[in-house]
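Colleague: Before I ask anything, here is the structure I am working with.
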Amino acid sequence: GRVKTLHPTVHAGILARRNNESHMAQLADDETGTIDIVAVNLYPFVETVSKPDVTLDDALENIDIGGPTMIRGAAKNFQDVLVVVDPSDYEWIGERVSGGVEVTLEERKELARKAFQHVALYDTAISRYLSGEETKTSWDEFTLGFNRVQDLRYGENPHQQATLYSTVLSAGGVVDAKRLHGLEMSFTNILDADAAWRVVSDFSENAVAVIKHTNPCGLSVHPDQAVAYQQAFEGDSVSAYGGIVGFNRTVTVATAEAMRGVLYDQIIAPGFEPEALEILKRRRRTRILEITLAKGPTEGLDVRTVSGGVLVQTADTLEEDTTDWNVATERPPTDDEFRDLVFAWRACKHIKSNTIVLAKNNTMVGMGAGQPNRVVSVHLSLRIAGDKAKGSVMASDAYFPFGDSVEMAAEGGITAIAQPGGSIRDEESVEAANRLGIAMVLTGTRHFRH
């Protein structure tokens, strides 16, 4: 039944303090003995709800009640009771007990800490499951649960410690990627791999991204993967050196051949043709990752630490209806310009603000990122693009506060611009675009990325 372990005899034997005379006398009167070791494996709730066909009844039946209750009681009384929730602890504890060797107070305390953490993670998984598919950011109380995957050599810098964790009820992603070849992943490797995965997952078409310091420095969409790769690489061939290449389709032999002669730190894809993988494995140190792509834009919560707490927001996964975009200028964009504006606008949200993206033929040809001044980002994007800027389009992740960015874009040969609008000086930017023959659309949506 459901209440076998929810019995006073069990919990009295766990909770009684051995140095408390009244506790021990009560046990004697009740003819109840002490319980000195509590080892519990909880019902497999996470494994159950991870099944695609799980029902609510299945989930509820796999919520353990008696197990966590015994664990908490034993952990509270850790000075007298050994509480064991991790099978990796069985061997050394068994050797101590069978050999009559004492488990020290500090070791008992650590076992209790591990036990309370184990139950907390279990409860967090239940809470997250009961939240369902709803994504919101406001609760009176908010917990996140994580399982340790591996300790890393160090963090962003050698003097920083780092560990990789997976989220409870993990839905896949870079944490679950399979390393097929190459060196161990580092802290920054994982950040860059995640950035690559998020970018290419955001495109339904055949997409290739080249990442450097989590920013796409190359990005292209083309039916032929090898062509998409070549165009992404040529978008900024200097920055591509030592970067990360992400694909949202199985890597072909033709693509692997096209990548010859260029040093990459990582290559990430949902799969690799066998011969393509053998070609890529000739790169002795390059990490090759096989990763399950998200079904459309990555969803969920974006959680960031700040001093004293965390900020929680929904992910920037808004699926925009481009038919709602407002053509603000006298000249509307041509079909080709509009196609490239849609591409550039989607690329914008994956790049650090202030962001400017230049695109032509579904390929990023220039990018300005992370600048406190938007005009500087425009300047950087034009400098990177060089002659390729002529005839390209521009997307800005936020509005232009003045018309100077439009003036600079025109000097570089930009023919169309997408920007959110919303500045008190929008008319100044629109007037400049009209005067210079540039088509401008206002998306009504901002894509800041701090």
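Colleague: Determine which single condition PRO52 fails, assuming it passes every other condition in (1) in a loop (DSSP other than H, G, I, E, B); (2) in contact (Cβ under 8 Å) with a residue 40 or more places away in the chain; (3) within 23 Å of GLY145 (Cα to Cα).
Modeller: Failing condition for PRO52: (2).
Colleague: Checking the condition modelled with pLDDT under 95 and in a loop (DSSP other than H, G, I, E, B), which residue from THR305, THR298 passes?
Modeller: Result of the check over THR305, THR298: THR298.
Colleague: From ALA28, ALA75, which residue is part of a helix (DSSP H, G or I) and under 23 Å from SER98 (Cα atoms)?
Modeller: From the options ALA28, ALA75, the qualifying one is ALA75.
Colleague: Then there is this: For the condition within 17 Å of LEU121 (Cα to Cα), in the same structural domain as ASP36 (by TED's automatic domain parsing) and either in a helix (DSSP H, G or I) or aromatic (Phe, Trp, Tyr) (or both), what is the one hit in GLY67, GLY94?
Modeller: Exactly one residue qualifies, and that residue is GLY67.
Colleague: Moving on. Can you tell me which residues in segment 62-78 are over 27 Å from LEU130 (Cβ atoms) and touching a residue at least 60 places away in the same chain (Cβ under 8 Å)?
Modeller: ASN77
Colleague: With the structure loaded, tell me whether LEU6 is surrounded by 11 or more Cβ atoms within 10 Å (Cβ to Cβ), modelled with pLDDT under 95, in contact with a helix residue (DSSP H, G or I) (Cβ under 6 Å, 6 or more places away or on another chain) and hydrophobic (A, V, I, L, M, F, W, C) or whether it fails that test.
Modeller: The answer is yes for LEU6.
Colleague: Checking the structure you have, find out if any residue of segment 95-111 is touching a Lys or Arg at 6+ places or on another chain (Cβ under 6 Å), free of Cβ contacts under 8 Å to residues at least 24 places away in the same chain and more than 30 Å from SER239 (Cα to Cα).
Modeller: yes
Colleague: What number of residues within segment 409-430 satisfy the criterion of being surrounded by fewer than 19 Cβ atoms within 10 Å (Cβ to Cβ) and over 35 Å from the mean Cα position of the chain (by Cα)?
Modeller: The total comes to 7.
Colleague: When the residues of segment 330-352 are narrowed to those that are charged (D, E, K, R) and closer than 22 Å to GLN371 by Cα, which ends up surrounded by the most Cβ atoms within 10 Å (Cβ to Cβ)?
Modeller: Out of the qualifying residues, it is LYS349.
Colleague: Kindly provide the set of residues from segment 244-262 that are without any contact (Cβ under 8 Å) to a residue 40 or more places away in the chain and within 24 Å of the chain's Cα centre (by Cα), ordered by number.
Modeller: Within segment 244-262, THR250, VAL251 qualify.
Colleague: Just one of the numbered conditions (1) small (Gly, Ala, Ser); (2) touching a residue at least 40 places away in the same chain (Cβ under 8 Å); (3) over 29 Å from PHE45 (Cα atoms); (4) touching a helix residue (DSSP H, G or I) at 6+ places or on another chain (Cβ under 6 Å) is not true of ALA196; which one?
Modeller: Against the list (1) small (Gly, Ala, Ser); (2) touching a residue at least 40 places away in the same chain (Cβ under 8 Å); (3) over 29 Å from PHE45 (Cα atoms); (4) touching a helix residue (DSSP H, G or I) at 6+ places or on another chain (Cβ under 6 Å), ALA196 comes up short only on (4).
So that you can scan it fast, the table gives a plain yes or no per residue for (1) of a type outside the set (Val, Ile, Thr); (2) at pLDDT 90 or above:
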{"site": "GLN117", "(1), (2)": "yes, yes"}
{"site": "THR135", "(1), (2)": "no, no"}
{"site": "PHE142", "(1), (2)": "yes, no"}
{"site": "ASP151", "(1), (2)": "yes, yes"}
{"site": "TYR154", "(1), (2)": "yes, yes"}
{"site": "GLN160", "(1), (2)": "yes, yes"}
{"site": "LEU180", "(1), (2)": "yes, yes"}
{"site": "LEU183", "(1), (2)": "yes, yes"}
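Colleague: If VAL200 satisfies every condition in (1) at pLDDT below 95; (2) over 24 Å from GLY309 (Cα atoms); (3) within 21 Å of the chain's Cα centre (by Cα) but one, which is the exception?
Modeller: Checking VAL200 against (1) at pLDDT below 95; (2) over 24 Å from GLY309 (Cα atoms); (3) within 21 Å of the chain's Cα centre (by Cα), the one that fails is (1).
The values are calculated or read from the model by the stated rules, or taken from the named source; none is laboratory data. Remember, it's a predicted structure, so these values are computed and weren't measured experimentally. Here the Cβ is made from the backbone with ideal geometry for all residues, glycine too, and neighbour counts use every protein chain on show.
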